[in-house]
Amino acid sequence: MSDPMRRPDDVPPPAAPPPEPPRKGSSPLIWILLLVALVALGWYFLSKRDIPQSEPLPPPPPTIGDGVTPPAEREPARTPERTPRPSASTAPADRPARVVNQPRPDYPAAALRNREEGSVTLLVQVDAAGKPTDISVEQRSRSRDLDRAAMEAARNWTFEPAIRNGKPEASSVRVPVDFTLEDQPGTTARN
């Protein structure tokens, strides 16, 4: 018969609405392609705008003369007159200081063990007698031992002093010092 729990005035619950079909939208790939196309199109038109239109050709140069007479002859080039130089006896030449005797510096033992190489540039102050008075390192070699060895050796060098107006005078001179393992006896440079 009938279900005691069910009442005749109860209405069955409505059925769930059918699921909506998935929404069809534009994929991100299409948007990216559209963006790339717009950028390329804009680039194309901007590059065309920057190119100047064909410039008009310059007018042909005017023709002077009737074309029958030969061109005028040029004047010969003038050579500058030479002024006589003063002879060596009247004015001595000025010259900078230079090294006369430069014994090779001793390669420091620690640098030799560590296989250090390098170049040092020294700035040497030379007095009017040709003796070094002050020595400083202008460009270092990345090795303190090589820098010190170069400075120590420069104290024993002899120089020809600078000459100005015929008289020796104090000046400075830059002297490069190279330290290479190839020059040392009993060592071979490793690659």
Conditions (1) open to solvent by 60 Å² or more (accessible area, probe 1.4 Å); (2) farther than 26 Å from Lys167 by Cα; (3) among the polar types (S, T, N, Q) -> Ser141 fails only (1)
Arg115 vs (1) modelled with pLDDT of 65 or more; (2) part of a loop (DSSP other than H, G, I, E, B); (3) farther than 30 Å from Arg142 by Cβ; (4) within 45 Å of the chain's Cα centre (by Cα): all pass except (3)
Per the filter on the stretch 165-191, residues among the basic types (Lys, Arg), modelled with pLDDT of 80 or more and over 17 Å from Leu123 (Cβ atoms) are Lys167
Taking the stretch 114-130 and keeping residues of a type outside the set (Gly, Ala, Ser), closer than 14 Å to Trp157 by Cβ and loosely packed, with under 15 Cβ neighbours inside 10 Å leaves none
Only one of Phe159, Phe179 is aromatic (Phe, Trp, Tyr), open to solvent by less than 40 Å² (accessible area, probe 1.4 Å) and under 34 Å from the mean Cα position of the chain (by Cα), namely Phe179
Contact list, first residue from the stretch 150-164 and under 9 Å from Val126 (Cβ atoms), second anywhere and among the polar types (S, T, N, Q) and part of a strand (DSSP E or B), beta-carbon distance below 9 Å, six or more apart or interchain, is Phe159/Asn101; Pro161/Ser171; Ala162/Ser171; Ala162/Ser172
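The values are calculated or read from the model by the stated rules, or taken from the named source; none is laboratory data. Please read all numbers here as calculations on a predicted model, not as lab measurements. Please note: Cβ atoms are built from the backbone with ideal geometry, for glycine as well, and neighbour counts cover all protein chains shown. What goes into the accessible areas is simple: the full protein's heavy atoms, side chains included, and nothing from ligands, DNA or RNA. Shrake-Rupley method; radii C 1.70, N 1.55, O 1.52, S 1.80 Å.
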